[in-house]
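Structure first, commentary second.
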Amino acid sequence: MSGKSIIALNQLSFAWPKQAKPALQIDAFQLNAGERLFVYGPSGCGKSTLLSLLAGVVVPQAGQVEIAGQRIERLSAAQRDHFRADNIGLVFQQFNLLPYLNVLDNITLACDFSRQRAATLKTRQVSALSEAKRLLSRLLLPEALWQHSVMSLSIGQQQRVAVARALIGAPPVIIADEPTSALDHQSRDQFLQLLMAETQDSGSSLVFVSHDESLKDHFDRHLHLPSLNQATVSQGGL
Ligand SMILES: Nc1ncnc2c1ncn2[C@@H]1O[C@H](COP(=O)(O)OP(=O)(O)O)[C@@H](O)[C@H]1O
Ligand SMILES: [Mg+2]
């Protein structure tokens, strides 16, 4: 752990349009580079809202969201799109893969959208294609499927493609929203181990959301969002 701040939230308040009450309020929270954070709490407590704020999909009405040294609430929507492509690997509940592209193209596309990710691979002297293949091998997706449309894959297989797409080019932050909710226990544990190993190798920080508190022990840090929207921060097992 380098001790360098990767996420810093301050006096954050966010309400969705036409909502009287904020969906999320966090006084202060900070995550260091390389740390792995588990965000949990009951349905509707604001977990996905927090991820939308971290990814710059939405901006708070009040307070600061600093990611990798950048105050993202100060950026325009177009600048935030650019910032997200460079700095944040996203794995959503619905994996948002492009149905008309094959497995490999879905992954390498993340580098087409980000000069920073492409540059990281160039520094390591690997092509996007060879890195996509390496990640798929690590994630144990059979090679016979790599040229197939993502729509022909099972949910568990699509999830691995989504993870490879998030990881390629080693963005500083990986964000995953309930990625294990469709998996049985054994696949869930295996998936978590792979995600941990890969984020560790790329040096990325991980923000992982789940309503399943039993996954908590896999993580360095925990952020509990109770339904009253009062966040409490605790130190995990490190
Ligand atoms: N796009 C949206 N527009 C309006 N309200 C939303 C939107 N997304 C979430 N909300 C509301 O914000 C609150 C928090 O939701 P969410 O962040 O999705 O919770 P969680 O992910 O913890 O289940 C809920 O009351 C939800 O109805
Ligand atoms: Mg959610």
In degrees from 0 to 90, rounded to the nearest 10, what is the angle of the helix 185-202 Cα long axis to the longest principal axis of the chain?
90
Using 0.36 nm times the number of residues separating residue 147 and residue 134, minus their current alpha carbon distance, what extension gain do you get?
3.2 nm
Using θ = phi - 60° and the Karplus form 6.51 cos²θ - 1.76 cosθ + 1.60, what ³J(HN,Hα) does each residue of the stretch 32-49 get, whole Hz, x for Gly and Pro?
8, 4, x, 6, 10, 10, 9, 9, 9, x, x, 3, x, 7, x, 5, 5, 4
Show that you can apply the helix-only estimate: for the chain, add -39,500 (n - 2.57) for every DSSP H stretch of four or more residues, divide by all residues, and state [θ] at 222 nm to the nearest 500.
-10500 deg cm²/dmol
Mean shadow area (nm²) of the C-alpha convex hull around the stretch 1-125 is 9.7
Taking R0 as 30 Å, what FRET efficiency do you get between residue 15 and residue 112 from their Cβ-Cβ distance, rounded to the nearest 0.05?
0.30
Under-26-angstrom lysine pairs by C-alpha in the chain, whenever the two are 8 or more apart or on separate chains
7
For Cα pairs less than 8 Å apart in space and 6+ apart in sequence, what is the mean separation divided by the residue count of the stretch 5-235, i.e. the relative contact order in percent?
30
Normalised by the number of residues in the stretch 1-103, what is the relative contact order in percent for Cα pairs under 8 Å and 6+ residues apart?
28
How big is the Cα convex hull of the chain in projection, averaged over all directions, in nm²?
12.7
How far is helix 103-112 tilted off the main Cα axis of the chain, in degrees rounded to 10, range 0 to 90?
60
What is the distance in Å between the Cα centres of the stretch 169-206 and the stretch 102-118?
18
With springs only between Cα atoms under 10 Å apart, run a GNM on the chain and tell me which of 145, 206, 53 wobbles the most.
145
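Each value in this text was obtained by applying a stated rule to the coordinates, not by laboratory testing. Predicted model only: the values in this text are computed from it and were never measured. We place every Cβ from the backbone using ideal geometry, glycine too, and count neighbours over all the protein chains shown.
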